[in-house]
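Worksheet for the structure shown next.
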Amino acid sequence: MNRNLLFIALAQLLWGFGEGMFFNFVPIYLDNQFLLDKDEIGWALGAFGFAMAITHIPAGHLADRIGRRPLLIFAWALGLVSTLVMGFARALPLFLIGYFGYGLTAFVASPLSSYVTAARGKWSVGTVLSLSSATYGMGMVLGPVTGGWIGDHYELRMSFFAAAVIFVLSNLFIIFVGSQPIDHHDPEAPPPSLRSNQRFIILMGVLGFAIFSMYLAQPLTPNFLEGVRGLSLSQTGIVFTMGALGNSLMAILFSRTHPRQGFLFAQGLVILFAVLIWKGSSLPIFALGYFLLGGFRAGRPLVQAQARELVHDSQMGVTYGIMETITSIVFILTPPVAGILFELDPMIVYPLSIGLLMISIVVSYLFSPRKVSHA
């Protein structure tokens, strides 16, 4: 591993630890601290998805034009400030400002993916993106159980301050990341535009449907575990910790698989998550379900690896930006739908998600690109 990938890895490890302390608890915090209804929580999570969505394509363009390092540094700093705002907020409007500000930091996804792709050396695209995701997931392993313990023994808002301390250290590592040269195409022979790249457009349709199917059951599962299954914050933290462990281990496991085949298998793991949460009745079963949910995070780098083979180097940033925008649009639409379904019947979202995922696996098998390099 070269120096820059090492600093990226350390920064992501610490960020995952800090984010894990509070991120999965936000739906519970909105419920307990600000007394929002489940559909209102769904709309808040959807608005968070909107904050994520609006920045990805501009960030991808900027990464291709001015370089990736400045965007990494800005995103890390914004995440720290936003976390402090959430911690200090006593009223809902200020908390939402911090929460949506934290959502804006999602723009870092495309510059970060572009950065590690360019720095990968002899590694394949799928491997370096999966290992990058795994490093973040490793950091998240201890975050949820720590945040749950803080919530049970002090108050949940203190987890934001604890996370901010970790984020300071993460910011220090990201500052030491070196710059990269900007990729250019031959002006005499420009690559085809993404809008005319039919294989890329089809893959984006596959991605959108798959992400919606995989994510539908996730937004209000924390509330389901606490309110319907009766788990404490500490127990919920254990479940989230197992999820983070699953994120990391699944990313490592999938890092050497063929991207197309791995993405199909990842969706199957999310089906098992929905089944276990739906039919389970004990903490170990819920923890296993969240462990298998690691297929959701592991699957995303595999789609990125497929897309990378369809575009020119100079389009890499905007390509990843488009993919993250599609994912974020799903994150906008899905939580309100999940909230409405939760109010009708807390159970119904799980069999619905399972059915959609079965369809998605067939769609992904039929329409994903079949000739994608694994080297």
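Yes/no per residue for (1) under 26 Å from S133 (Cα atoms); (2) modelled with pLDDT of 90 or more:
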residue: L194; (1), (2): yes, no
residue: N197; (1), (2): no, no
residue: F212; (1), (2): yes, yes
residue: Q218; (1), (2): yes, yes
residue: F240; (1), (2): yes, no
residue: I252; (1), (2): yes, no
residue: S255; (1), (2): yes, no
residue: F263; (1), (2): yes, yes
residue: Q267; (1), (2): yes, yes
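Against the test of being within 26 Å of F50 (Cβ to Cβ) and modelled with pLDDT of 90 or more, the options L288, L333, L293 yield a single qualifying residue, L293.
Are any residues in the stretch 259-282 polar (S, T, N, Q) and surrounded by 18 or more Cβ atoms within 10 Å (Cβ to Cβ), and if so, which ones?
Correct list: Q267 only.
Would you mind stating whether G121 is open to solvent by less than 40 Å² (accessible area, probe 1.4 Å) and either modelled with pLDDT under 95 or of a type outside the set (S, T, N, Q) (or both)? The answer is no for G121. Highlighted here are the helices (runs of 4 or more DSSP H) found entirely within the stretch 255-317 that include at least 2 residues which are closer than 30 Å to I66 by Cα: 294-308. All told, Q198 meets the bar of being surrounded by fewer than 19 Cβ atoms within 10 Å (Cβ to Cβ) and under 30 Å from L71 (Cα atoms). Of L283, L272, all but one fail to be closer than 27 Å to I340 by Cα and at pLDDT 95 or above; the exception is L272. Only a single item in (1) in contact (Cβ under 8 Å) with a residue 24 or more places away in the chain; (2) under 26 Å from R256 (Cα atoms); (3) open to solvent by 50 Å² or more (accessible area, probe 1.4 Å) is not met by A305, and it is number (3).
Identify, please: which residue in the stretch 267-320 is farther than 14 Å from M242 by Cα and of a type in the set (D, E, K, R) and is, among those, nearest to the chain's Cα centre (by Cα)? Only one residue fits best here, namely R300. Restricting to the stretch 338-375, and then to whatever is open to solvent by 60 Å² or more (accessible area, probe 1.4 Å) and β-branched (V, I, T), can you tell me which residue is farthest from L112 (Cα to Cα)? Looking at residues that are open to solvent by 60 Å² or more (accessible area, probe 1.4 Å) and β-branched (V, I, T), I get I348. Only one of the listed residues (L62, L94) is open to solvent by 60 Å² or more (accessible area, probe 1.4 Å), touching a Pro at 6+ places or on another chain (Cβ under 8 Å) and assigned to a helix (DSSP H, G or I). That residue is L62.
The values are calculated or read from the model by the stated rules, or taken from the named source; none is laboratory data. Being a predicted model, the structure only gives us computed values, none of them experimental. With ideal geometry, Cβ positions are generated from the backbone for all residues, glycine too; neighbour counts draw on all protein chains shown. For the accessible areas, the whole protein counts, side chains as well, though only heavy atoms, and no ligand, DNA or RNA atoms are used. Shrake-Rupley method; radii C 1.70, N 1.55, O 1.52, S 1.80 Å.
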